[in-house]
Amino acid sequence: MAENSNVAPASKPGWKDGMIFRLLKMGMKRQGKYYALGVVAMIAVASMSALTAWSMQAIVDTMTDPGNRGRVAAVSLMVIAIFAIKGFATYVQSVSMARAGNGIVAQQQRRVYDRLLKQGVDFFNLTESSDLLMRVTHGANAARGLIDLIVTSMVRDLLTLIGLVAVMFYQQPVLSITSIILAPLIFLGIRLILGFVRAIMSQQMAGMAEILKVLQETSTGIRVIKIFSLEKVMNARMEKAVGEVEKRANSMVRLEAITSPMMETLSGMAIAGVVWLSAVNITGGEPTTAGQLMSFVTALLMAYEPAKRLSRMRVSLEGLKMGASMLFELVDRDLTIRESRDAKALKLTEGAVRFEDVSFAYGSGEKAVSGLNLEFEGGKTTALVGESGAGKSTIINLLMRFYDPTSGRVLFDGTDIAGVTFDSLRSQMSFVGQDTFLFSSSVMENIRCSRPEASDEEVMEAARAAHAHEFIEKMPQGYQTPVGENGTFLSGGQRQRLAIARAFLRRARVLLLDEATSALDSVSEGFVKEGLARVSEGATTIVIAHRLSTILEADRIYVLGQGQVLEYGTAAELLARNGAFRRLYDQQFGGVERAERLPE
Ligand SMILES: Nc1ncnc2c1ncn2[C@@H]1O[C@H](COP(=O)(O)OP(=O)(O)OP(=O)(O)O)[C@@H](O)[C@H]1O
């Protein structure tokens with residue numbers, strides 16, 4: 001059944017929280033050993049931090065009583081050991097977390113690209129490429145950041161905090177209780193900020209996607225921009241997007257940083273309070289040594305950084321969650337078209353194609369074709385003609401199973417293509433379309449892509465058949481010449497001849513030609529027609545042509561109008577009928593004759 005309109009975002013309730021769990025599970029599965037090593041190192045870092053604060057008691061007490069040489073030596077060695085272990089553990093932590101993180105980015109990018117390749121054509125029609133770029137680049141890094149943040153906060157920061165608070169309680173229980181009374185206040189403040197962060201993040205992402213879009217359109221549409229002097233318009237669009245992102249980025253920084261004055265002031269108050277309380281010795285118990293007090297204050301001061309990071313964690317988490325969810329949402333989108341579960345490999349004998357009562361609409365739009373019954377005889381040439389928008393390209397789309405019919409069936413040698421594997425179906429076909437997409441690699445590789453195992457000789461043979469060999473030989477590096485991004489170094493006619501060479505090389509049973517000779521002058525068209533005649537020998541050939549001259553010899557011509565067959569037959573039969581085909585014919589050939597009569 002058709003699934004062409006269900007590209008709904010997969011925003012199920014609670015989905016984003018589930019996402020964190022999924023991400024952690026994936027991360028641990030693939031990068032578990034690096035994360036485990038990182039965690040061990042973090043435990044060591046946290047313990048050494050607590051030990052540093054605890055050792056302050058011994059350090060200060062030893063300094064105030066330097067006479068005991070043995071103790072001085074022991075304390076000095078202990079301090080060196082603590083710092084050395086902490087340094088080494090920090091190194092191990094950084095390296096293992098970075099390795100795990102890089103692995104996550106690569107894994108996410110592979111995963112999302114794999115999914116994108118499985119998506120139907122409709123998905124790409126409905127998703128802007130700048131949006132894809134944004135999601136894949138930003139999302140993968142956000143996924144990495146999310147795991148990093150969770151692991152670092154939950155292990156290093158939390159353990160360090162626990163260790164330091166333990167030291168505080170060990171040294172000064174009453175003062176400790178007084179100084180952590182303020183903590184809940186901080187968390188309340190953070191909760192307030194979170195709401196704002198979410199709103200700003202999504203606006204910022206939208207702005208970033210817009211910047212990419214403007215850049216991309218500038219790159220691909222530069223000719224239109226120049227011809228129509230759209231520089232100012234494009235500039236204004238970019239200005240707006242950049243300004244938007246700048247504004248949001250500033251707001252984000254303000255929100256993230258607002259925790260600092262809150263925390264700094266509260267910490268200052270806590271420390272001042274402790275100093276004051278210790279001076280008046282409200283505990284009234286044993287007199288406190290300078291070392292104990294120093295150890296306590298050190299633990300309190302050291303606790304500040306991890307406490308700050310933990311309190312900010314929710315804010316940072318929100319931003320990263322948003323980024324990572326963009327990636328997950330992409331991966332979770334339903335496939336616009338999928339293979340059936342028990343799909344079989346298609347085997348062709350005659351290569352006959354039949355449309356049985358086929359209707360189809362793009363998305364929720366009007367029917368592009370309706371009630372089509374078409375016969376494309378094996379090994380013969382069938383042409384589709386008709387006004388613009390009549391549904392010719394739609395028929396080709398259905399044949400290649402880029403879309404499924406809303407109703408009816410498309411059969412290859414009697415087998416419904418809905419039940420066969422994509423690969424076995426499409427490998428039987430070759431397509432030469434109106435726009436020839438070329439990869440930014442050499443001419444040789446661009447032709448070879450239709451049959452990667454083909455030898456250089458076979459590629460050249462195909463190029464000769466497509467009348468491309470002559471111009472390729474004249475290029476600076478012959479077959480190794482790069483064609484530029486999407487073939488910008490080639491003319492339209494040359495690009496088309498490369499496309500025809502690709503089709504030759506593939507030797508498919510079913511050949512689809514959509515305006516295949518449109519970009520050629522009349523001399524090249526003669527060559528190409530000859531080449532196409534060769535490539536279509538024995539193949540079931542389906543041609544869309546606006547210029548009737550190219551299809552007058554077709555074995556059968558279907559004349560389409562508004563998604564339906566108006567009439568069909570050979571050119572001679574159709575001309576004799578005096579119907580739609582005759583009108584098209586008169587329009588075109590009348591025009592040519594008049595043009596030929598024009599003085600030079
Ligand atoms: N991807 C799409 N999404 C939505 N509607 C589409 C899409 N492609 C084509 N259509 C619509 O389907 C109808 C048939 O279009 P189709 O491209 O098949 O016509 P065509 O006969 O090939 O036209 P042309 O000769 O101009 O290429 C048109 O009304 C068109 O607007």
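A short reminder: the numbers here are calculations on the coordinates, not readings from a lab. Please read these numbers as outputs of a predicted model, since none were measured by experiment. Using ideal geometry, Cβ is built from the backbone for each residue, glycine included, and neighbour counts are taken over all protein chains shown.
Compute the FRET efficiency between VAL95 and ASN250 as 1/(1 + (r/R0)^6), taking r as their Cβ-Cβ distance and R0 = 25 Å, and round to the nearest 0.05.
0.15
Each label point was placed 7 Å from the Cα along the Cα-to-Cβ direction; for ASP555 and ALA199 their separation is 6.7 nm. Over the Cα atoms of region 378-531, each weighted equally, I'd like the Debye log10 I(q)/I(0) at q = 0.10, 0.20, 0.21 Å⁻¹, rounded to two decimals. Debye output, listed in q order: -0.39, -1.29, -1.37. Counting only lysines at least 8 places from LYS29 when in the same chain, those with an alpha carbon closer than 21 Å to its own are LYS16, LYS321. In the distance distribution for the chain, Cα-Cα pairs more than 33 Å apart total 63 percent. Here the convex hull built on the C-alpha positions of region 33-74 has a volume of 54 cubic angstrom per residue.
The distance between label points at SER491 and ASP586 comes to 3.7 nm (points 7 Å beyond Cα on the Cα→Cβ vector). With Cα atoms defining each centre, region 21-64 and region 420-473 are spaced 57 Å apart in the structure.
Computed from Cα atoms, the angle from the helix 183-220 axis to the main principal axis of the chain rounds to 30 degrees. Straight-line cross-link partners of LYS226 among the lysines, defined as a Cα under 18 Å from its Cα and at least 8 positions apart when in the same chain: LYS213.
Under the 0.36 nm per residue contour assumption, what length would be gained going from the current alpha-carbon distance of ILE177 and GLU573 to full extension?
132.6 nm
Subtracting the Cα-Cα distance of THR137 and ASP334 from their residue separation scaled by 0.36 nm leaves 68.8 nm. The Rg/Rh ratio of region 335-449, with Rg taken over Cα atoms and Rh as the Kirkwood radius over Cα pairs, comes to 0.98. For region 353-414, a Kirkwood radius taken over Cα pairs fed into Stokes-Einstein (25 °C, viscosity 0.890 mPa s) yields D = 205 µm²/s. Across the chain, where is the longest run that never hits chymotrypsin sites (Phe, Trp or Tyr not before Pro) in a DSSP loop with at most 11 other C-beta atoms within 10 Å? Free of exposed loop sites, the longest segment is 1-227.
If R0 is 45 Å, what FRET efficiency do you get for THR481 and ASP357 from their C-beta distance, rounded to 0.05? Calculated transfer efficiency: 0.40. Look at the alpha carbon pairs under 8 Å that are at least 6 residues apart: their mean separation over the length of the chain gives a relative contact order of 16 percent. Here the gap between SER364 and ARG534, fully extended at 0.36 nm per residue and compared with their Cα-Cα distance, gives a gain of 57.1 nm.
Once a ≥ b ≥ c are taken as the square roots of the eigenvalues of the Cα gyration tensor of region 57-190, is the result rounded (a/c under 1.5), prolate (a/b larger than b/c) or oblate (a/b not larger than b/c)?
oblate
In the chain, what % of DSSP beta bridges are antiparallel (nearest 5)?
Of all bridge pairs located within the chain, approximately 50 percent are antiparallel.
Between SER427 and GLU239, the distance separating the two model label sites (each 7 Å from Cα on the Cα→Cβ line) works out to 5.6 nm. By the rule of a C-alpha distance below 25 Å, with chain neighbours fewer than 8 residues away ignored, the lysines paired with LYS347 are LYS118, LYS380.
Between 0 and 90 degrees, the angle of helix 456-465 with respect to the longest Cα principal axis of the chain falls at about 40 degrees.
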